[in-house]
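Below: the structure, in structure tokens.
The values are calculated or read from the model by the stated rules, or taken from the named source; none is laboratory data. Since we're looking at a predicted model, the values are computed, not measured. Cβ placement follows ideal geometry from the backbone for every residue including glycine, while neighbour counts extend to all protein chains displayed. Accessible surface is based on the protein model in full, side chains and every heavy atom, while ligands, DNA and RNA are left aside. Shrake-Rupley method; radii C 1.70, N 1.55, O 1.52, S 1.80 Å.
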Amino acid sequence: MHINCPLCGERDLREFTCRGAAVALARPAPDAPDAAWDDYLHIRDNPAGASRELWQHSGGCGAWIVVTRDTRDHTMLGSELASDAAGVRGAP
Ligand SMILES: [Zn+2]
């Protein structure tokens, strides 16, 4: 499997590190109920189809990339720099 780094071009998957879904999660208030914190920490969508994920080209240029991938067959549908993507959580 290959990922297209917008800066380096198409590279082997082993050069990248997946950092999870590229969605901004609403952090609960410090005094929110335990169930709200449980949802925030552990519950994630697991869509069958197109999914946006945050990856880092850790074995290359270090860029943070939003990869759109079909979770049913791992087809890469697109990639862009995280700094250019809308609605994406900040890179850690
Ligand atoms: Zn790169």
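Some observations on this one:
- All conditions but one from (1) within 19 Å of C8 (Cα to Cα); (2) open to solvent by less than 60 Å² (accessible area, probe 1.4 Å) apply to A32; the one that does not is (1).
- Within the stretch 20-62, restricting attention to residues that are within 15 Å of the ligand (Cβ to nearest atom) and within 16 Å of the chain's Cα centre (by Cα), the residue that is nearest to A86 (Cα to Cα) is L54.
- For the stretch 1-25, a residue qualifies if it is part of a loop (DSSP other than H, G, I, E, B) and modelled with pLDDT of 95 or more, and the qualifying residues are P6, L7, C8, F16.
- Residue under evaluation I65, criteria (1) among the aliphatic types (A, V, I, L, M); (2) touching a strand residue (DSSP E or B) at 6+ places or on another chain (Cβ under 6 Å); (3) away from the ligand (no atom under 12 Å from the Cβ), criterion not met: (3)
- Qualifying residue in the stretch 38-57 (condition: open to solvent by less than 40 Å² (accessible area, probe 1.4 Å) and over 19 Å from M1 (Cα atoms)): no
- Considering residues of the stretch 1-12 that are among the aliphatic types (A, V, I, L, M) and open to solvent by 50 Å² or more (accessible area, probe 1.4 Å) only, the residue farthest from the ligand (Cβ to nearest atom): M1
- Residue pairs meeting the criteria (Cβ under 8 Å; at least 6 apart or on separate chains; first assigned to a helix (DSSP H, G or I), in the stretch 26-53; second open to solvent by 70 Å² or more (accessible area, probe 1.4 Å)): Y40/L25; Y40/A26; Y40/R27
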